[in-house]
Amino acid sequence: MSQLTERLEIRVPAHTLKMLREEADRRGTSVARLVREAIEARLQHDREARLQAAQALFRVGAPVADWPHMEQEIAEARGRAD
């Protein structure tokens with residue numbers, strides 16, 4: 001893990017903190033580490049979901065023209081032909 005230099009303060013309901021403490025105790029770690037790991041896991045999941053969506057779009061295999069041509073088509077479709 002990289003050096004911890006930034007601070008983040010959040011407020012959670014009492015029952016959430018209780019669950020975090022219980023889970024941290026069960027894992028033998030700190031609440032802070034548990035929260036950092038949860039944040040990292042969520043961010044990684046979001047990145048992977050975006051990548052999978054992009055890959056699905058590429059698999060469509062739709063015809064693609066050069067950018068100036070596509071830009072003109074987009075503008076025309078929006079009713080603002082340049």
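The values are calculated or read from the model by the stated rules, or taken from the named source; none is laboratory data. Nothing here was measured: the structure is a model prediction, and the numbers come from that model. Every residue, glycine among them, receives a Cβ derived from its backbone with ideal geometry; neighbour counts consider all protein chains shown. For the accessible areas, the whole protein counts, side chains as well, though only heavy atoms, and no ligand, DNA or RNA atoms are used. Shrake-Rupley method; radii C 1.70, N 1.55, O 1.52, S 1.80 Å.
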Legend entry - Test: Arg21 is within 24 Å of the chain's Cα centre (by Cα) and without any contact (Cβ under 8 Å) to a residue 60 or more places away in the chain: no
Legend entry - Filtered residue count, the range 24-51, keeping only those that are under 20 Å from Leu8 (Cα atoms), assigned to a helix (DSSP H, G or I) and open to solvent by less than 70 Å² (accessible area, probe 1.4 Å): 7
Inset, instruction - Considering every residue within the range 57-74, establish whether at least one is among the charged types (D, E, K, R), open to solvent by 80 Å² or more (accessible area, probe 1.4 Å) and within 30 Å of Glu6 (Cα to Cα). - result: no
